[in-house]
Amino acid sequence: MKTINYIFLALFIGLVSSCVEPVDLVTGETKEGALLSLSGSGALSGAPEVDVPIENAKISFQRTILNYNVSVASNAEIVDQLIVSKTYGDQVVEIGTFSVEEGVALQLSTLSEFLQGFSGVTADDLRVGDQIVFKTEMVLNDGRQVIDNSATLAVNVSCLADLTGIYLVTNSWCSPSFEAEITQNPDGSYHLTVADGGGLSRCTTNDALNNAGTIVEQCGEILPSTALDYGTDGGYGIGDITGGSWDAQNGILTMQHIQEFTPNWPSEWESTYVRQ
């Protein structure tokens, strides 16, 4: 186990070292120094039809809100203006042009505002898992248009749910007992301070590596996710989520995990989060 831990530590140090290099926004062969900053969140959530497969169920929307705020975070002097657009499927609708000085401050509160401009799209066409994506382009002083993906916000159509809170966590690997927090991301997904049920931090000697991550809940189902610090997205494949369930009535989140980092650890385990 100590050998595995030392190898993991070396890999971890290499990962940290590789993350300190700055990343420039690249358009074609030109590196631009202007970057955008995004704040805000959005929601398109409600109750699907009962006794209808979720992929076919119409949604009775109960929460429709968007706060989309974008500013130029660096080198604003090379930017002339900002153009905001939204996308649904293959349709793209330009919302408006904003000055660099004022930035973007877009608020929507009704479903009709979300759908305005999309041809032939009504509330009855939306299904759980659909997205309306908001983007901001920078028009540079020389006329070129640049998209900074960090200013893109995808609002998912989902069932109305709230997983936020403090949870008591355990797992089937080593039966720990500890607390973790779940908060909601701007796109409606959820961030877990420990996303693998404590497999890495509580069941191995890597107690400083919490393996935080992101999950998406859809009408009581937890979708597969590799977006963990040390999951596949992090380069290690530890704690990837293959699925799970959310019991809203009792505040219980259950997930299934896998790992392929080392044969010395279990290849799969289950975690349970109980909201306090």
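Spin-label pair A105-N56: with each label point 7 Å from Cα along the Cα-Cβ axis, the two points sit 4.7 nm from one another.
The phi torsions of the range 98-113, fed into the Karplus equation with coefficients 6.51, -1.76 and 1.60 and a -60° offset, translate into couplings of 10, 7, 5, 5, 8, x, 9, 9, 10, 10, 10, 9, 10, 5, 4, 5 Hz, rounded to whole numbers, with Gly and Pro shown as x. Please give the Cα centre distance for the range 78-97 versus the range 189-254, rounded to the nearest Å. Each part reduced to its Cα centre gives a spacing of 34 Å. Along the range 222-234 the Karplus relation, 6.51 cos²θ - 1.76 cosθ + 1.60 evaluated at θ = phi - 60°, assigns HN-Hα couplings of 9, 6, x, 8, 10, 7, 10, 3, 10, x, 4, 5, x Hz to successive residues, with x for each Gly and Pro. Backbone N atoms of the range 133-168 closer than 19 Å to the 7 Å Cα→Cβ label point of N75 belong to residues 136-152. Legend: translational diffusion of the range 103-148 by Stokes-Einstein, Rh = Kirkwood radius over C-alpha pairs, 37 °C, 0.692 mPa s; D = 246 µm²/s. Rounded to the nearest 10 degrees, what's the angle between the helix 2-18 long axis and the longest principal axis of the chain, both from Cα atoms, 0 to 90? That works out to roughly 10 degrees. Counting only Cα atoms, the chain measures 58, 51, 29 Å along its principal axes, largest extent leading. Packing, taken as the mean count of other beta carbons within 10 Å per residue, orders the peptides 71-81, 165-175 from highest to lowest as 165-175, 71-81.
If you take the Cα atoms of the range 123-276, find Rg, then find the Kirkwood Rh from the mean of 1/r over all pairs, what is Rg/Rh? Can you show the working numbers first?
On the way: Rg = 17.8 Å, Rh = 16.7 Å.
That ratio is 1.06, to two decimals.
Largest accessible area first, the listed residues D187, D90 line up as D90, D187 when surface is computed with a 1.4 Å probe on the assembled protein chains.
If Lys and Arg each add +1 and Asp and Glu each add -1, what is the summed charge of the other residues whose beta carbon sits under 12 Å from the beta carbon of V92? Numbers along the way, then the final one.
Details: positive: K86, K135; negative: D90, E94, E137.
Summing Lys/Arg as +1 and Asp/Glu as -1 gives -1.
Quick one: compute a quarter of the convex hull surface over the Cα atoms of the range 113-183 and quote it in nm². Kindly include the intermediate steps, with their values, before the conclusion.
Numbers: hull surface 37.4 nm².
Answer in nm², one decimal: 9.4.
Amide H to amide H distances under 5 Å link V100 with L82, where only residues 5 or more positions off or on other chains count and H is placed in the peptide plane.
How large a share of the accessible area of the chain, in percent, is made up of carbon and sulfur atoms when the probe is 1.4 Å and the other protein chains stay in place?
Numbers: 6720 of 13810 Å².
Percent of accessible area from carbon and sulfur atoms in the chain: 49.
Mean sequence separation of contacting Cα pairs (under 8 Å, at least six apart), scaled by the length of the chain, corresponds to a relative contact order of 13 percent.
The values are calculated or read from the model by the stated rules, or taken from the named source; none is laboratory data. A quick note: this is a predicted structure, and the numbers were derived from the prediction, not measured. All Cβ positions, even for glycine, are placed from backbone atoms using ideal geometry, and neighbour counts span all protein chains on display. Please note that ligands, DNA and RNA were not included when accessible areas were found on the heavy atoms of the full protein model with its side chains. Shrake-Rupley method; radii C 1.70, N 1.55, O 1.52, S 1.80 Å.
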